[in-house]
Amino acid sequence: MPRTALRICPLCEATCGLTLTVEGTRVTGARGDREDVFSKGFICPKGASFGAVDGDPDRLRVPLVREDGALREATWEEAFDAVAAGLRPVVERYGPHALGVVLGNPNVHTMAGALYPPVLLAALRTRSLFTASTVDQMPKHVSSGLLFGDANAIPVPDLDRTDHLLLIGANPLDSNGSLCTAPDFPGRLKALRARGGRLTVVDPRRTRTAKLADRHLAIRPGTDALLLAALATVLFEEELTDLGALAPHVQDVGELRSALADFTPEAVAAACDLDADLIRTLARELAAAPAAAVYARIGSCTVPHGTLASWLVDVLNVLTGNLDRPGGALFPQAATERSPRPVGPGHGFALGRWHSRVRHLPEAKGELPLSALAEEIDTATDEGEPVRALVVVAANPVLSAPDGDRLDKALHSLDFMVSVDPYLNETSRHADVVLPPPPPSQSPHHDFAFNALAVRNQVRYSRPAVPLEVGRMAETEILARLVLAATGMHGADPAAVDAMVVDQALGKAVQEPRSPVHGRDPGELAAQLTGESGPERRLDLMLRLGPYGDGFGARPDGLTLARLLDHPHGIDLGPLRPRLPQLLKTVSGKVELLPGPIAGDLPRLREALRERPAALVLVGRRHLRSNNSWMHNVPALTGGSNRCTLQLNPRDAARLGIADGRPVRVKGAGGEVTAPAEVTDAVRPGVVSLPHGWGHDRPGVRLSHAGTDPGVNVNQLLDGSLLDPLSGNAVLNGVPVELAPVPEGLTTSA
Ligand SMILES: Nc1nc2c(c(=O)[nH]1)N[C@H]1C(S)=C(S)[C@@H](COP(=O)(O)OP(=O)(O)OC[C@H]3O[C@@H](n4cnc5c(=O)[nH]c(N)nc54)[C@H](O)[C@@H]3O)O[C@H]1N2
Ligand SMILES: Nc1nc2c(c(=O)[nH]1)N[C@H]1C(S)=C(S)[C@@H](COP(=O)(O)OP(=O)(O)OC[C@H]3O[C@@H](n4cnc5c(=O)[nH]c(N)nc54)[C@H](O)[C@@H]3O)O[C@H]1N2
Ligand code: SF4
Ligand SMILES: [Mo]
């Protein structure tokens, strides 16, 4: 008999509640959970294919261990013995920085990824940390760190209450949103327009989101920081700034005004390829709207001025009085947020506390740029040891980072590599040990990361929809054992990792005067924790000490894991509320509107006004039925428009003699790829677009369906040299490329 089970969808940032149909141990269907407090029944084609993603026959079931050069199936015990034997000698001989850690995107979609990597990193103290953040949102972290003193304090647009949304370099109709968790983002945008609000989209492509907008600005890629600076300048020139209630908590407004004065609409118009009058109109509309929000994503981050653009987004929100007010951009409050610190000056945000060995790139948020991973492995310097061993959790940098071919070789040269990954793919094929997590149906779920980015405060938890298959190990246990193996405690009980974290957290909480458990006995509190597993007890702890928590009895009607389990569709915690100045951690205790590192980067932006634009630049795109590099193996999600084609404008196609459907050779600084042309006026002239996450034709991967239509790796066009200097974020958009038609009759790899 089929039964149903609830599960929060982990396949994108929208975190929709799903109702799964389960037959035996197989998920045979998925629909939107209409009673979910947040998603209210919304589901997208990806979520509807949850069963196919979950049940992909190519998912690894047992660990793989390398023996005589080849990977063979192994027991968990053999696998962890090999991990300990591979990692410890490297750390002991060469020190902690010779052990690199690479964390990929799905870590923010699993409980294991939230709970254990921080423990691993704290224990290892390696400076060689690389994550997907530096091919994604690191500029936003740096901007928030500098503005608010907290790299994780990211304001989100108040989608459901705003009157005006300026949406830049994001395509939520396909991506379902990012750094703005909103199930049914499309429906929320339609509702904005239906209530008389305005939507402006800035994107070099006429995306599905752009089609929904009142106005679409097809900006020249890479120039958003100029546009945003000009908008700020118009606000100043025309005396349209009004900081509202935030005014007493903001410093440097006057300094900002002079720093931006020369970025007038007339000065930036040619570089952005936008009309100066239109820029003025946009600024006036932003100022006039009762409540407005500026929101920007991938297209504004993965560019040469990513940090400046991210900063200017919030500058505009501040100058128009929209930061921290309903209908503007607000800071969510997750149920597991740490207890508040006293209002007032904090420690601020430091950048560049250490540097990479080879290119001397500054650390940001404890991370080195993913673009520097290959060189940190393959290049010797006299400034310390190269990375000789790697722990890779849920990451596929061979496809997601610049110059995969070089990284491929670098990974091959490592002394030891372990991958925690469900697939044998382009990256994990280099591992000496592959530790496969169970499919999502067999894992518990809570969104530690995305609840702090959600457009409504709410909390939900799903237990595994299907019991753990015999022979499987929970990903939480895999990572706990990995912590032990990497830190010289191989063989200890993995539950000890959770117990240690609980002890430390409670030990700190009872000493904290503002904590609801101040002065209590940590042992007595630990004994009160409920939950079936270590991870559940840790969730209980975080909920009870969190802003809505029961404080271990101090607020008897507050949140606990037990109460959450009584609400399988989640608990709504209300609309976003103003939170400043409480969460500021800057040295001044204020919003620091013109931080030093930003001011120091403005001359580079000024230079961009004089740069001659390249004739042809590359941008990316996402497909609704895909996710980065790892969903091309699911037949239900491939085909149709989800193809690795090179989109180009008819004018460019005519000029270059390229016909629709014909193979085109694309050349960039890092290499060449050949893909079929898709001639479409959806991209503006001078811009071509290739999606990322393709190129599944390397030997040794076990992705049988993806291999039938492998596509090409767009990131091979990059050599990794182009970075946003403050954040170390890779420049993936607005990159110069050259095109050449492949002559008729030539066979190609496309
Ligand atoms: N050119 C270009 N490149 C880009 C981008 C772009 O827009 N353009 N986007 C960038 C962005 S935003 C990101 S986030 C990165 C993503 O970069 P990555 O994080 O490196 O790539 P993903 O494709 O998300 O794959 C992550 C890996 O996690 C594995 N995985 C899936 N589910 C699980 C799980 O439950 N547990 C574990 N342990 N592993 C799992 C997959 O098999 C895959 O190997 O790519 C970036 N690269
Ligand atoms: N279906 C699906 N959903 C996903 C993913 C996926 O792969 N597929 N990936 C997930 C991940 S990891 C992330 S980070 C999010 C990303 O979510 P989004 O930020 O919404 O990502 P994209 O769809 O890549 O949209 C970026 C847009 O920026 C535009 N762009 C490129 N360069 C520029 C520029 O210089 N200026 C401006 N203004 N625009 C530019 C591109 O044309 C593109 O339309 O999506 C997540 N959700
Ligand atoms: S929008 Fe995202 S979270 Fe919602 S069903 Fe689709 S993939 Fe899952
Ligand atoms: Mo991402």
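Descriptive notes on the structure:
- Within the stretch 89-137, the set of residues being free of Cβ contacts under 8 Å to residues at least 60 places away in the same chain and either within 16 Å of ligand 4 (Cβ to nearest atom) or in contact with a Leu (Cβ under 9 Å, 6 or more places away or on another chain) (or both) comprises 96, 126.
- Restricting attention to the stretch 15-49 and to residues that are more than 14 Å from ligand 2 (Cβ to nearest atom), hydroxyl-bearing (Ser, Thr, Tyr) and within 23 Å of residue 1 (Cα to Cα), the residue that is surrounded by the most Cβ atoms within 10 Å (Cβ to Cβ) turns out to be 19.
- The stretch 676-707, subset away from ligand 2 (no atom under 16 Å from the Cβ) and closer than 20 Å to residue 641 by Cβ, residue surrounded by the most Cβ atoms within 10 Å (Cβ to Cβ): 677
- Within the stretch 1-29, restricting attention to residues that are outside any strand (DSSP E or B) and within 16 Å of ligand 1 (Cβ to nearest atom), the residue that is nearest to residue 633 (Cα to Cα) is 11.
- Residue list for the stretch 491-514, filter: closer than 15 Å to residue 123 by Cβ and crowded, with 18+ Cβ neighbours inside 10 Å: 494, 497, 498, 501
- Among the residues making up the stretch 184-204, a single one is in contact with a strand residue (DSSP E or B) (Cβ under 8 Å, 6 or more places away or on another chain) and within 21 Å of residue 572 (Cβ to Cβ): 192.
- Of all residues in the stretch 244-260 being within 19 Å of residue 234 (Cα to Cα) and not aliphatic (A, V, I, L, M), the one that is surrounded by the most Cβ atoms within 10 Å (Cβ to Cβ): 257
- Of all residues in the stretch 646-676, those satisfying the criterion of being in contact (Cβ under 8 Å) with a residue 24 or more places away in the chain, closer than 24 Å to residue 693 by Cα and assigned to a loop (DSSP other than H, G, I, E, B) are 649, 662, 669, 670.
- Per the listing 439, 444, the residue uniquely closer than 30 Å to residue 561 by Cα, away from ligand 4 (no atom under 16 Å from the Cβ) and touching a Gly at 6+ places or on another chain (Cβ under 8 Å) is 439.
- The residues in the stretch 515-541 that are hydroxyl-bearing (Ser, Thr, Tyr), surrounded by 15 or more Cβ atoms within 10 Å (Cβ to Cβ) and within 17 Å of residue 559 (Cα to Cα) can be counted, and the count is 1.
- Residue count for the stretch 409-427, restricted to those that are under 23 Å from the mean Cα position of the chain (by Cα) and farther than 19 Å from residue 81 by Cβ: 7.
- Condition check for residue 234: within 11 Å of ligand 2 (Cβ to nearest atom) and crowded, with 17+ Cβ neighbours inside 10 Å: no
- Residue that is surrounded by the most Cβ atoms within 10 Å (Cβ to Cβ), among those in the stretch 169-201 that are touching a Lys or Arg at 6+ places or on another chain (Cβ under 9 Å) and more than 17 Å from residue 14 (Cβ to Cβ): 201
- Residues of the stretch 272-282 include none that is in a helix (DSSP H, G or I) and in contact with a strand residue (DSSP E or B) (Cβ under 6 Å, 6 or more places away or on another chain).
- Going through (1) in the same structural domain as residue 685 (by TED's automatic domain parsing); (2) buried (at least 16 other Cβ atoms within 10 Å of the Cβ) one by one, residue 592 falls short only on (1).
- Complete set of residues in the stretch 560-584 that are touching a helix residue (DSSP H, G or I) at 6+ places or on another chain (Cβ under 6 Å) and more than 22 Å from residue 525 (Cα to Cα): 580, 581, 584
- Of the numbered criteria (1) more than 16 Å from ligand 1 (Cβ to nearest atom); (2) closer than 27 Å to residue 265 by Cα; (3) touching a helix residue (DSSP H, G or I) at 6+ places or on another chain (Cβ under 9 Å), the one residue 600 fails is (3).
- Test: residue in the stretch 53-64 that is within 16 Å of ligand 3 (Cβ to nearest atom), buried (at least 17 other Cβ atoms within 10 Å of the Cβ) and assigned to a helix (DSSP H, G or I): yes
- The stretch 449-475 residues that are under 19 Å from residue 539 (Cα atoms), paired with ones that are aromatic (Phe, Trp, Tyr) and assigned to a loop (DSSP other than H, G, I, E, B) (beta carbon under 9 Å, 6 or more apart): 452/331; 454/38; 457/548; 458/38; 459/548; 460/38; 475/116
- Single residue of the stretch 613-636 satisfying the filter (more than 13 Å from ligand 1 (Cβ to nearest atom) and closer than 20 Å to residue 106 by Cα) that is surrounded by the fewest Cβ atoms within 10 Å (Cβ to Cβ): 624
- Hits in the stretch 65-78 - residues which are in a helix (DSSP H, G or I) and either small (Gly, Ala, Ser) or in contact with a Lys or Arg (Cβ under 9 Å, 6 or more places away or on another chain) (or both): 76
- Scanning the stretch 87-111 for residues that are part of a helix (DSSP H, G or I) and within 14 Å of residue 419 (Cβ to Cβ) turns up 87, 106, 107.
- Residue match in the stretch 30-44 (condition: within 16 Å of ligand 4 (Cβ to nearest atom), in a loop (DSSP other than H, G, I, E, B), of a type in the set (Asp, Glu) and at pLDDT 95 or above): no
- The one condition in (1) within 13 Å of residue 98 (Cα to Cα); (2) touching a His at 6+ places or on another chain (Cβ under 8 Å) that residue 378 fails to fulfil: (2)
- Residues satisfying the stated conditions in the stretch 118-176, i.e. among the acidic types (Asp, Glu) and either within 13 Å of the chain's Cα centre (by Cα) or on the phi > 0 side of the Ramachandran plot (or both): 136
- Among the residues making up the stretch 428-438, those that are buried (at least 24 other Cβ atoms within 10 Å of the Cβ) and not in a helix (DSSP H, G or I) are 431, 433, 434, 435, 437.
- Here the condition is being touching an Asp or Glu at 6+ places or on another chain (Cβ under 6 Å) and either of a type outside the set (Val, Ile, Thr) or under 25 Å from residue 452 (Cβ atoms) (or both); of 624, 564, 583, 618, it holds for 624 alone.
The values are calculated or read from the model by the stated rules, or taken from the named source; none is laboratory data. The model shown is predicted, which means the values in this text are computed figures rather than measured ones. Note that each Cβ is placed from the backbone with ideal geometry, even for glycine, and that neighbours are counted across all protein chains shown.
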